[in-house]
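Derivation of every value follows stated rules applied to the coordinates shown; laboratory data play no part. Keep in mind that this is a model prediction, so the values were computed, not measured. Neighbour counts are summed over all protein chains in view; Cβ atoms, including those assigned to glycine, are modelled from backbone coordinates with ideal geometry.
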Amino acid sequence: MAPKSSKGKKGGSADFVKDEQLQAIVLSDSYETRFMPLAMEKPRCLLPLANTPLIEYTLEFLATAGVSEVYVICSSHAKQVEKYLKSSKWNQPTSPFSLSTIASPGSHSVGDVMRELDNKGLIRSDFLLISGDIVCNMDFSKVLEAHKARKNKDRNAIMTMVLREATALHRSRQRNDPGVFILDEESGRCLRYEQAKTTRGHGGGSSLLLDEEILTAHSSVSFRNDLIDCHIDICAPDVPALFQENFDYDDMRADFVRGILTSDILGKTIYAHVVKDKYASRVQSQQTYDSVSKDVVSRYAYPIAPDYNFLDDQCYSYQHGHIYKENEVVLAQSCIIERSTVIGSKTFIGSDTRISGTVIGRRCRIGDNVSLKSSYIWDNVTIEDGVTIDRAIVADGAVVKAGATILPGSIISFGVVVGTGVTIGPNVKVTTKAYENYDPYAEEDDEDSATSDDERGPVAISASDPEIVGPDGIGIVYKEDEEDEGDNVDIDGLVYSMSLADISSAHADSDVDDEAVVDAPHSLHSTSNSRKSRHRRTLSRSSATYSDTLDGSDDEETFLSEAIASIERSINENHTQDVAMLELKTLKMTMNASYEEVREATMAALVAHITKQVNEDSQDVKTATKRLFSAYTPMISKQIFENEEQVDLLHRLQGQCARRPLGPKIFLWAVMELYDRDVLEEDYITEWWEDDESDSTKSLATVKHGLAPWYEWLKNAEEEDSDSDSDDE
């Protein structure tokens, strides 16, 4: 959507602040799922990095930057964040800034936060926008001075992005980060921001489409893919208003920056401040969690290091070889502590144990003959004799029993018990919480409050998987939610293992997303079908259970699984639409499937593939969704024969999106793309909107709510067209 002009707004970017007090907006949420299942129980900003909660690094940076007023925007796990901050040193009279928290469970993106800020009218001047997972040691006063100087020269400047120079393969750079900044070398003005598109069949290369006028209008242009995006921005006070006026802006870079720089209407400018000799990184994945931890422990981000002792009760001391220990650590005489190791207070380490490059939290008990290598052991963990852990994360309260092995890339989440002699991994995530009905943005209830049947939140598992954790273990492989209505679902054997795309390059052996295969049978939307030549059961989202679906519907389940696999294969192998449609048509005829099932399989495959692209390949939701639905418009349009089937398509797409945290955004962009390409008509979008089933559960309502701004625009645009036609008559 093209940016609209911001008329009548006061406090524009040309009117720079006379009041030197600097405000900061801290985003405590990442609006991603890369830290699952850990972030299912604790927000990313409170996860420990070198035994200090991530948000402490951000707030410490703001204190040194001279910020006087901080607003922390809390989306998921808002009460946990609020509780932590209220008891922190930043809420004391000695704090260098005033601290306020704003619960915003309805915000699912940076764009939502900006729109809420505009509604609340909190921003009085230029402000600092920063994520709650930043580790930075730069002198921000120099950045701010340069920002002011640029604004004095350029009255249209609305933002300065802080970027850090690093090689494309630097360990603290987000893997698969596709961002390319095109800069005017003389002024530092950002001319374009583009996300390089991977080119299939050419050795994993990338391509970039660029307007020729950028090269001709500027004497010196640099294309920078050697910059780490720190997600530290100085914004003008009218930036939130620009998000308000462009409701389809979600991501700060892919939507806002790119939209502003390509707009012929606004004439606004954005600058980049490139840091070369200081440290600034964001912990936005397990890969960057590992790399930034190593940087902090190795003193590469000095003075940021464990012995900086961020928290009042910390007492780390530094020893040769980048070894840090707190008080009351008990080490057996024969244990070996090698370089780059951190050990928290009241931790015991047994005989003949070897620890290298590992961060160990407080009150941990580590037995004899244990090997820990390049791992992260959080607080209150028990590791029994003979255990081997290599490049893994073990969260608070977990137990690893004697003789167990945890291989690289694995995550042992809170409270998991790994059984005796069990081997976990590689790249396996184990949790004690079911992802069933989980909504990271749902408001957290008080302990004594009732919980509704369809409330989305992590729940304790009813049974462990002995094949994963052993007969004496507790835990299951992390999977996405099995049923958004909260039905009791038998999940034995139906697990979805999300690969750790950011900490390992390993990929699933299967061509098809397990999640799509598992989810499809029990997400069917019931609709009558006159084309069925024999009776096939369809499933109502509001009443049937998964076990109902399995009874007597093996053929249906087989078709869905094979159809999803076929579509996924056509995407991965870049088949032409004719080939993809022929394969699906042949499968439909062979198995005598209905068009409802064909549409179900298509939506399941497309939504699952988009989710995988966003989580594993660092693509933004908008780009991934529009690209895939645009490519598959011919296939989708040939699955609709009657107008009423547009409503069925919307229900099926909504049902698939309701199962995923990214679902509301995928649904918005998918519907917009299908509408723009004349697959969906307004009358039938309205019919779906007014159907009670479209918001019959909380998860469906969440997806529907995400479409509300666009739907309102659609209705208003249609009314304006009608009025115009009436005037012409």
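Some notes on this structure:
- Computed E for Phe641/His575 - FRET, C-beta separation, R0 22 angstrom, nearest 0.05: 0.40
- Length-normalised contact order of segment 555-668 in % [C-alpha pairs under 8 Å, at least 6 apart]: 28 percent
- Where labels lie 7 Å past Cα in the beta-carbon direction, separation of Gln333 and Asn592 in nm: 8.0 nm
- Highest to lowest packing among 253-262, 114-123, scored as the average C-beta count within 10 Å: 253-262, 114-123
- Highest average first, the peptides 92-103, 390-401 ordered by how many other beta carbon atoms sit within 10 Å of their residues are 390-401, 92-103.
- Within segment 361-423: Cβ-based charge dipole about Cα centre, in debye rounded to nearest 20 (Lys, Arg +1; Asp, Glu -1): 100 debye
- Backbone N under 12 Å from the Ser263 label point (7 Å along Cα→Cβ), restricted to segment 233-248: 238-248
- If the segment from Glu682 to Asn119 were pulled out straight at 0.36 nm per residue, it would be longer than the present Cα-Cα gap by 199.8 nm.
- Relative to the current alpha-carbon distance between Asp139 and Thr558, full extension at 0.36 nm per residue lengthens the span by 144.8 nm.
- What separates the Cα centres of segment 598-622 and segment 378-405 is a distance of 34 Å.
- The order of the peptides 78-87, 417-426, 127-136 by mean Cβ neighbours within 10 Å, most packed first, is 127-136, 417-426, 78-87.
- HN-Hα J in Hz across segment 310-321 - Karplus 6.51, -1.76, 1.60, θ = phi - 60°, x for Gly and Pro: 4, 8, 4, 9, 8, 8, 6, 10, 9, 10, 3, x
- Taken one residue at a time, the phi angles of segment 466-474 give Karplus couplings (6.51, -1.76, 1.60, θ = phi - 60°) of x, 5, 9, 10, x, x, 9, x, 9 Hz. Gly and Pro are set to x.
- Inter-part distance where segment 235-291 and segment 25-90 are each reduced to a Cα centre, Å: 20 Å
- Label point distance in nm, Leu407-Ser220, each placed 7 Å from Cα along Cα→Cβ: 5.2 nm
- Net length gained if the chain between Ser351 and Lys83 were fully extended (0.36 nm per residue, minus Cα distance): 92.5 nm
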